[in-house]
Structure formats: structure tokens, C-alpha cells
Amino acid sequence: QVQLVESGGGLVQPGGSLRLSCAASGFTLDDYAIGWFRQAPGKEREGVSCIANSDGRTYYADSVKGRFTISGDNAKTTVYLQMNSLKPEDTAIYYCAENSLSSRFTLTSVRGYVSWGQGTQVTVSS
């Protein structure tokens, strides 16, 4: 099965930056996407950003456009989420998830993200 491990979370002041990493393994197909989601206390989980392995297509939620950047390493084993200009409302547990892209589930098909990591805590506070 697909295994995902997040890292890089921590405490940062407003306006600061963090880089989250998602180490992925166990894939049996090359065509997939990795997405970042977050969930704050008392709120529903929301999509943040995602990237397709095959062509690098990306998606960003409106709330993070211009501040967050998703990317992958050369070996395509790790996906990063560079978070700049962080705000207190960015505080959440951040999860990465895998979507086995197909005609049924495209890059932005939320239901396609089935495999999940354990999450990493991001706290933005002064």
C-alpha cells in the first residue's frame, strides 16, 4: 500500500515560513497526485494544494495562492509545501494524501485522495 509521512511542522510567528515534506513510497503506478490538506480544531478538513506526478500540474486553494508553493524533488519521492507569509489562520494539522489519477479521479477530485499520512502540526502564533 501507499505510505505517506509528513514532516516539517512546527511553531512559527505570523509572517514566517515553513516547509513541509511528504515522503511517499509504495506506489504501483506512475500516474498519481499528492495533495496537501489541513484541519484546524473544530473545522472540517480542507484542501490546500496538490501536484500531479506526471506533468507537474498544480492546484492551490484561494486562501493560500501567492503564499504557498507545492513542488517535488527530482526523484519524485518527496513532495514539499513551501509556506510563506504564514497567518494565524493557517494553524492546523497538515496532511498529505495520494490520488491514483484516472478518468474517475482527476487532480482536483477530492474523493480520489484515499491514502493519508499521519499529519504534522503547524502553529502560527506570536
- Query: FRET efficiency for SER125 and ASP62, Cβ-Cβ distance as r, R0 = 25 Å, nearest 0.05?
  - Reply: 0.60
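Let me have the relative contact order for the range 44-83, percent, based on Cα pairs under 8 Å that are six or more residues apart. If you can, show how the numbers build up before the last one.
Values: 42 pairs, mean separation 11.5, N = 40.
About 29 percent, as a whole number.
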- Query: Mean separation of Cα pairs under 8 Å and 6+ residues apart, divided by the residue count of the range 1-121: what relative contact order is that in percent?
  - Reply: 33
- Message: Give me the dipole magnitude in Debye, nearest 20, for the range 49-97 about the Cα centre, with unit charges on the beta carbon: positive for Lys and Arg, negative for Asp and Glu.
- Response: 60
- Restricting things to alpha carbons, tell me how big the range 62-120 is in terms of Rg and Dmax, in Å. 13.1, 38
- Query: Among VAL122, SER54, GLN3, which residue has its Cα positioned farthest towards the positive end of the charge dipole of the chain, with +1 placed on the Cβ of Lys and Arg, -1 on the Cβ of Asp and Glu, and the dipole taken about the Cα centre?
  - Reply: VAL122
- How about the range 26-96: which trypsin sites (Lys or Arg not before Pro) there lie in a loop by DSSP and see at most 14 other Cβ atoms within 10 Å? LYS43, ARG57, LYS65
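Taking all protein chains as present, what is the carbon and sulfur share of the accessible area of the chain, in % to the nearest whole number, probe 1.4 Å? List each step's numbers first, then the result.
Values: 3240 of 6920 Å².
Whole-percent figure for carbon plus sulfur exposure: 47.
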- Message: Taking the solvent-accessible surface of protein heavy atoms with a 1.4 Å probe, what is the per residue accessible area of the chain in Å²?
- Response: 55
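Which value, in debye to the nearest 20, gives the size of the charge dipole of the chain about its Cα centre, when Lys and Arg are +1 and Asp and Glu are -1 at the Cβ? List each step's numbers first, then the result.
On the way: 11 positive and 11 negative charges, 38 e Å.
Roughly 180 debye for the chain.
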- Between SER54 and GLN118, take the C-beta separation as r, use R0 = 30 Å, and let me know the FRET efficiency to the nearest 0.05. 0.70
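Hey, if we sort LEU81, LEU11 by accessible area with the 1.4 Å probe, largest down, what's the order? Mind dumping the intermediate values first?
Working: LEU81 0, LEU11 130 Å².
Ranking LEU81, LEU11 by accessible area, largest first, yields LEU11, LEU81.
If each residue of separation counts as 0.36 nm, what is the full-extension length gain between GLU46 and THR77 once their alpha-carbon separation is subtracted? Walk me through the numbers before you get to the answer.
Numbers: separation 31, 0.36 × 31 = 11.16 nm, distance 2.36 nm.
My answer for the length gained is 8.8 nm.
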- Note the full-extension length gain between THR69 and LEU29 as 0.36 nm times their separation in residues minus their Cα-Cα distance, in nm to one decimal. 11.9 nm
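The values are calculated or read from the model by the stated rules, or taken from the named source; none is laboratory data. Note that the coordinates shown come from a computational prediction; the quantities given were computed from them, not determined experimentally. Using ideal geometry, Cβ is built from the backbone for each residue, glycine included, and neighbour counts are taken over all protein chains shown. Each accessible area value is taken on the protein alone, full model and side chains, heavy atoms only, with ligands, DNA and RNA left out. Shrake-Rupley method; radii C 1.70, N 1.55, O 1.52, S 1.80 Å.
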